[in-house]
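The values are calculated or read from the model by the stated rules, or taken from the named source; none is laboratory data. Source: prediction; values computed, not measured. Here the Cβ positions follow ideal geometry from the backbone for every residue, glycine too, while neighbour counts run over all protein chains shown. Side chains are part of the model used for accessible areas, which takes the heavy atoms of the whole protein and leaves out ligands, DNA and RNA. Shrake-Rupley method; radii C 1.70, N 1.55, O 1.52, S 1.80 Å.
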Amino acid sequence: MEYLSSTYASTCCFDRSYLKFHPISMLSCVSSSAHYPSSFNARCRGSATSERIQPTAAVATNAGIATADSVSATPVPFKKVLVPIGYGTEELEAVIMVHVLRQAGAHVTVASVEPELVVEASGGLKLVADTSISSCTDEIYDLIALPPIYYVTAHVSLTHLEVGLLDSGGMPGSVRLRDCEVLRAITSKHAEQKRLYGAICYTYLIDLSFFACWYKTTCHPAFMDKLSSFYAVKSNIQISGELTTSRGPGTTFEFALSLVEQLFGDTVAEELKKTLLLNTEQCIRKEEINGVEWLFDQAPRVLIPVADGSDEIEIVAIVDILRRANVSVVVASVEKSRQIVASQGTKIMADKLIDVAAELTYDLIVLPGGVRGPKQLSKSKFLKKLLKEQEAGGRMYGAVSSSLALLQKQGLLKDKIVATCTSMSGKSTSKVVEGVKVVIDGKLITSMGLGTTMDFALAIVSKLFGHSRARSVAEGLVFEFPRT
């Protein structure tokens, strides 16, 4: 009955007991088999055998999923996902959801509920939607994933389920989404058809007039008291029928992977977890070598250069976490336009072009990775000049995953010790530390890759302001962080 694999068993809760009491359910719905992998339906029916759907080499390669010769040639089922965004959307959760689902093979549409496609998120980063929400009215989606800026309320009877949107207790953007009649209509229709939907982070108020005792949710710890004690579940992931909820930015990877598993099967989710470097539980969080104090004269200023092909999660996680710690962050595009298209198609509007950003001096310059991003970054003469000046001035600099190659080409890794990076395997001239997520060598900070970016950003906060500030930010993220 429970479809989420043992990967999430320790952090997920399921509430599907109502299925045995009433025929109107996710499993008995006539259309359900059209929207779930055959393995899901077979296992939920109690079949002794289950067919696991795995990506073809072509689909997996396009999505960035590592494949092996043993992978089945069965095509990944076509799945459509809607992610609505508006002013005040939490960018970290939204971008992680979009990235992970797209990399799994889902066709994800990011739709703006605003008159414009460019939406300023809660941390000040500007995201560019794929389309307007009004263009989505006639579409049928397998999943609607709701960013954490409003409540979800479901009024259920034997024949009708209506989803409404309520104010989220003052969170930015809640009123905009609550008042979007188009989104309300799409969500209500989706819920009536018993399709998957998910919501994360802030309180989800579930008012179930018939199935009330069978729907439970989780949310950010700061909002748990807003839920009925009967409905509230203190788990990272809670699945109740078609609804999946989660707690915060720090649990978004688990949340997104649980949605991937419900859409595509546990094999795809497990492969994706490895690809994203989310299987680093046994790795040491941080190691500092040649420790020096990071000094700055005023509020620290950080530059994040970005390009077409840069990894969106690495960009957003670093920017979001540093801004939560009250760091002044400048996102600068090395392209001809401020808008860049990241590795999984997320469109981000930078604050400035690199030539304008280069007029300032920065306490720290951090390079995000990505498959194509570092190559594009390396073409910028302004960025290369900034990096040289950064080292010469004794200021801090760093890189995540594949962007280490750019630092190496610039001669900035000479006699340095860095974190492991698979794309640099056998190519690095520096000493590499195995099994450590984040390595700090003097004024250089490096990290393994996408799945360790939150650790990387929090390590920067710790160096700039101390451990207590980093822990405070981590608690707000619902991200595990050591007390000392």
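Taking all protein chains in place and a 1.4 Å probe, what share, in percent, of the accessible surface of region 361-422 do carbon and sulfur account for?
Answer for region 361-422: carbon and sulfur cover 52 percent of the accessible area.
Would you check the accessible area of D415, probe 1.4 Å, heavy atoms only, in square angstrom rounded to 10?
140
What Kirkwood radius, in Å to one decimal, follows from the Cα pairs of region 429-484?
One decimal place: 12.0 Å for the Kirkwood radius.
Please find the FRET efficiency linking Q282 to Q339, where r is the Cβ-Cβ separation and R0 is fixed at 41 Å, and quote it to the nearest 0.05.
0.55
Once you sort the root eigenvalues of the Cα gyration tensor of region 250-358 as a ≥ b ≥ c, which label holds: rounded (a/c under 1.5), prolate (a/b larger than b/c) or oblate (the other case)?
Because a/c hits 1.5 or more and a/b fails to exceed b/c, region 250-358 counts as oblate.
Using a 1.4 angstrom probe on heavy atoms only, work out the carbon and sulfur share of the accessible area of region 225-286 in %.
Answer for region 225-286: carbon and sulfur cover 48 percent of the accessible area.
Hey, what do the phi angles of region 436-442 turn into as Karplus ³J(HN,Hα) couplings, whole Hz, using 6.51/-1.76/1.60 and θ = phi - 60°, x for Gly and Pro?
10, 5, 10, 10, 10, 10, x
Taking amide hydrogens as modeled 1.01 Å from N in the peptide plane, which residues meet the under 5 Å criterion relative to S328, leaving out close sequence neighbours?
Residues meeting the criterion, in which the H sits 1.01 Å from N, are V302.
Amide H neighbours of A350 under 5 Å, counting only residues 5+ apart in sequence or on other chains, H built in-plane at 1.01 Å?
Q339, I340
Stretched out fully, how many nm does the piece from H107 to S328 gain, at 0.36 nm a residue minus the Cα gap?
Net length gain for the segment: 76.1 nm.
Read phi for every residue in region 117-122 and hand back ³J(HN,Hα) as whole Hz from Karplus 6.51 cos²θ - 1.76 cosθ + 1.60, θ = phi - 60°, with x for Gly and Pro.
Karplus-based 3J(HN,Hα) across region 117-122 equals 7, 7, 10, 7, 7, 5 Hz.
What number, in percent, do you get for the relative contact order of region 219-270 if the mean sequence gap of Cα pairs under 8 Å and at least 6 apart is divided by its residue count?
Dividing the mean separation by the residue count of region 219-270 yields 26 percent.
Longer than 18 Å from Cα to Cα, which of K234/K274; K286/K431; K286/K443 are they? Say none if no pair is.
Table pairs above 18 Å Cα-Cα are K234/K274.
Hand me the GluC sites (Glu not before Pro) from region 106-149 located in a DSSP loop with no more than 13 other Cβ atoms within 10 Å, in residue order please.
Sparse-neighbourhood loop GluC sites (Glu not before Pro): E116, E139.
Identify the chymotrypsin sites (Phe, Trp or Tyr not before Pro) of region 217-306 meeting these criteria: DSSP loop state and at most 13 other C-beta atoms within 10 Å of the C-beta.
Answer in residue order: F230, F296.
Which of rounded, prolate or oblate describes region 262-310 when judged by the alpha-carbon gyration tensor and an a/c cut-off of 1.5?
oblate
Leaving ligands, DNA and RNA out of it, rank K443, K79, K385, K273 by accessible area with a 1.4 Å probe, largest first.
K385, K443, K273, K79
Can you grab the distance from the C-alpha centre of region 255-299 to the C-alpha centre of region 435-456, Å, no decimals?
What the calculation gives is 10 Å, centre to centre.
Ranked from the most accessible area to the least, with a 1.4 Å probe and all protein chains present, what is the order of E192, E293, E314?
E293, E192, E314
What chymotrypsin sites (Phe, Trp or Tyr not before Pro) does region 373-457 have in DSSP loop regions with at most 13 other beta carbons within 10 Å?
none
Could I have the simple spin-label model distance between K234 and V432, label points 7 Å from Cα toward Cβ, reported in nm to one decimal?
For the pair K234/V432, the computed spacing is 4.2 nm.
Whenever you get a sec, line up H220, H99 from highest to lowest accessible area (probe 1.4 Å, protein heavy atoms).
H220, H99
Over region 299-350, give the accessible area per residue in Å² for a 1.4 Å probe, as an integer.
The answer is 26 Å² per residue.
Check I85: other-chain or 5+ apart residues with amide H under 5 Å from its amide H, H built from backbone geometry?
A111, S112, V113
How many nm is it between the label spots at L295 and K379, if each spot is 7 Å from the Cα in line with the beta carbon?
Here the answer is 4.0 nm between the modelled labels.
Report the local net charge at V302: Lys and Arg +1, Asp and Glu -1, summed over other residues whose C-beta lies under 11 Å from its C-beta.
+2
Mean separation of Cα pairs under 8 Å and 6+ residues apart, divided by the residue count of region 263-382: what relative contact order is that in percent?
Reported relative contact order: 30 percent.
For labels at S132 and D415 in the simple 7 Å Cα→Cβ model, what's the distance in nm?
Spacing of the two 7 Å Cα→Cβ label points: 6.0 nm.
In terms of the Cα gyration tensor, with a ≥ b ≥ c the square roots of its eigenvalues, is region 332-428 rounded because a/c is under 1.5, prolate because a/b exceeds b/c, or oblate?
Oblate, because a/c is 1.5 or more while a/b does not exceed b/c.
Would you kindly find the accessible area of E90, with a 1.4 Å probe and non-protein molecules such as ligands, DNA and RNA excluded, rounding to the nearest 10 Å²?
Here the residue's solvent-accessible area equals roughly 10 Å².
Using each residue's phi in region 352-359, evaluate 6.51 cos²θ - 1.76 cosθ + 1.60 at θ = phi - 60° and report the 3J(HN,Hα) Karplus result to the nearest Hz, with x for Gly and Pro.
Once rounded to whole Hz, the list reads 8, 7, 5, 5, 6, 4, 5, 6.
Between region 82-119 and region 345-395, what is the separation of their alpha carbon centroids in Å?
Here the answer is 25 Å between Cα centres.
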